[in-house]
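No lab work stands behind these numbers, since they all come straight from the coordinates. The shown structure was predicted, so the numbers you read here are calculated from the model rather than taken from an experiment. Neighbour counts are summed over all protein chains in view; Cβ atoms, including those assigned to glycine, are modelled from backbone coordinates with ideal geometry.
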Amino acid sequence: EMPLLEQCYNLLDFEAVARRVMKKTAWGYYSSAADDEITLRENHSAFHRIWFRPRILVDVEKVDFSTTMLGTPCSIPFYVTATALGKLGHVEGEVVLTRSAQKHNVVQMIPTLASCAFDEIVDAAGPGQVQWLQLYVNKDRAITQRIVQHAERRGCKGLFITVDAPQLGRREKDMRMKFTDEGSNVQNGQATDTSQGAARAISSFIDPSLSWADIPWFRSITKMPIVLKGVQRVEDVVKAVEAGVQGVVLSNHGGRQLEFARSAVEVLAETMPVLRELGLEDKIEIYVDGGVRRATDILKALCLGAKGVGIGRPFLYAMSAYGQDGVDRAMQLLKDEMEMGMRLIGARTIAELNPGMVDARSLFNH
Ligand code: FNR
């Protein structure tokens with residue numbers, strides 16, 4: 001009585017199936033968000049407040065939505081963002097996502113708290129496949145330095161430092177589960193306390209004293225482009241430019257950290273005009289994540305100035321419900337939607353997307 005994969009017509013369909021078939025602990029960890037989950041909902045509703053202003057009578061017989069992210073060519077402007085504990089949802093864990101990413105020429109961000117060993121995830125990649133490292137900074141900087149330099153040696157093309165999680169948010173759906181699952185065996189070598197849900201169990205090593213003053217040190221230990229993941233206001237984007245990093249991810253961590261954090265697209269709409277005014281728009285790449293479920297969401301973010309978007313839960317749900325076939329199909333559905341979306345808004349290439357193609361006024365007046 002589980003729906004056939006062919007009956008999943010969009011990314012939200014995978015969530016509905018996953019909710020029914022996943023183990024409760026896994027569903028609790030993947031789906032949960034902070035407190036009353038207001039920011040989680042806002043991540044979706046913010047996209048619903050942006051409307052298109054399509055161009056007509058543009059020859060859109062051929063559309064091309066390939067692009068580059070941090071200098072890496074890719075087939076479509078989304079990447080698989082870092083989500084911890086892949087083995088909660090599927091016995092093989094993150095390598096399933098790696099294989100789909102390879103098949104679709106999509107970038108994958110490898111989480112510090114992956115269930116699979118880092119090397120296993122890199123080894124699962126095909127020749128030329130691009131992966132980035134998501135970093136939770138350890139209180140012991142020698143450990144962090146080892147992780148970063150190992151990733152660079154293994155060919156990672158970007159270092160995404162998570163900056164929105166000095167302490168893990170309260171995800172009560174997750175905390176209610178007594179957490180004893182196999183998938184909790186992350187490779188960070190830390191003792192775990194499983195009494196308060198998966199998130200608490202794996203996160204005690206994260207350094208809450210991390211600050212802007214640490215950025216030059218990261219610059220000194222790696223040549224990988226550095227991106228700050230979890231930026232939430234334009235002032236900090238400007239600081240990031242000044243700090244000399246190559247990018248930021250506007251993100252509220254999928255609603256899992258600060259409750260009442262704004263959606264990334266709203267922060268994006270606030271950010272781009274300021275960057276343009278300061279002449280900084282070409283100095284840094286802006287990514288967004290949170291609530292992206294449709295190609296129209298991707299298009300809205302790109303029109304507003306994002307270089308690319310991260311997608312998290314949908315791939316976990318597709319993987320948990322259907323394994324690699326599920327993730328493959330989820331990515332293909334996004335590509336199909338993207339081709340149609342580009343045609344219907346009258347854009348032939350990513351370079352043609354611009355702020356004039358969206359009406360984002362309702363983001364701020366509602
Ligand atoms: C995350 N996210 C995350 N971020 C990070 O920097 N390090 C991590 O280990 C994790 N782990 C993680 C686990 C799970 C189950 C989820 C759902 C999310 C946040 C993630 O990278 C991203 O910001 C959001 O998932 C984007 O929102 P959507 O696409 O899930 O709505």
Fill in the blank from the handout: Long-range share for the stretch 242-366, i.e. C-alpha pairs more than 21 Å apart as a percent of all pairs, stands at 46 percent
Fill in the blank from the handout: Counting all Cα-Cα pairs in the stretch 309-366, those more than 18 Å apart amount in percent to 54 percent
Exercise for the section: Set the Förster radius R0 to 45 Å, insert the Cβ-Cβ distance between Arg343 and Glu172 as r into 1/(1 + (r/R0)^6), and round the FRET efficiency to 0.05. Expected result: 0.55
Exercise for the section: Return the FRET efficiency for the residue pair Ser66, Glu152: r is the Cβ-Cβ distance, R0 is 35 Å, and the value is rounded to the nearest 0.05. Expected result: 0.85
Problem - Farthest toward positive dipole pole in the chain [+1 Lys/Arg, -1 Asp/Glu at C-beta], among His104, Gly126, Leu258 - result: Leu258
Handout entry: Dimensions (Å) - the stretch 1-116, Cα atoms, principal axes, largest first
Key = 51, 33, 31
Exercise for the section: For Glu281 and Trp217, calculate 0.36 nm times their separation in residues minus their Cα-Cα distance, and state this gained length in nm to one decimal. Expected result: 20.5 nm
Fill in the blank from the handout: Taking trypsin sites (Lys or Arg not before Pro) in a DSSP loop with at most 11 other Cβ atoms within 10 angstrom as exposed, one finds the longest site-free stretch of the chain at 224-366
Completion exercise
Final fewest-first order of Asp289, Asp13 on the 10 Å Cβ neighbour count is Asp13, Asp289
Exercise for the section: Express the relative contact order of the stretch 97-168 as a whole percentage, based on alpha carbon pairs under 8 Å and six or more residues apart in sequence. Expected result: 30 percent
Handout entry: Positive-end residue of Ala318, Leu334, Met357, charge dipole of the stretch 310-366 with Cβ unit charges
Key = Met357
Completion exercise
In debye to the nearest 20, the charge dipole size for the chain, taken about the Cα centre with +1 at each Lys and Arg Cβ and -1 at each Asp and Glu Cβ, equals 180 debye
Fill in the blank from the handout: Length-normalised contact order of the stretch 1-114, Cα under 8 Å, at least 6 apart, in percent, tallies to 20 percent
Fill in the blank from the handout: With the chain reduced to its Cα atoms and the Debye formula applied, log10 I(q)/I(0) at q = 0.12 1/Å amounts to -0.86
Practice task
Can you tell me the dipole magnitude for the stretch 234-320 around its Cα centre, using point charges on the Cβ only (Lys, Arg +1; Asp, Glu -1), in Debye to the nearest 20?
Solution key: 420 debye
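Can you give the relative contact order of the chain as a percent, counting alpha carbon pairs under 8 Å and 6+ residues apart?
Dividing the mean separation by the residue count of the chain yields 27 percent.
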Handout entry: Around Glu61: net Lys/Arg minus Asp/Glu count, Cβ-Cβ under 13 Å
Key = 0
Handout entry: Beta bridge orientation in the chain: antiparallel %, DSSP, nearest 5
Key = 20 percent
Practice task
Could I have the simple spin-label model distance between Ser204 and Lys23, label points 7 Å from Cα toward Cβ, reported in nm to one decimal?
Solution key: 2.2 nm
Completion exercise
Asp336 and Leu57 label points (each 7 Å along its Cα→Cβ direction) are spaced in nm at 3.2 nm
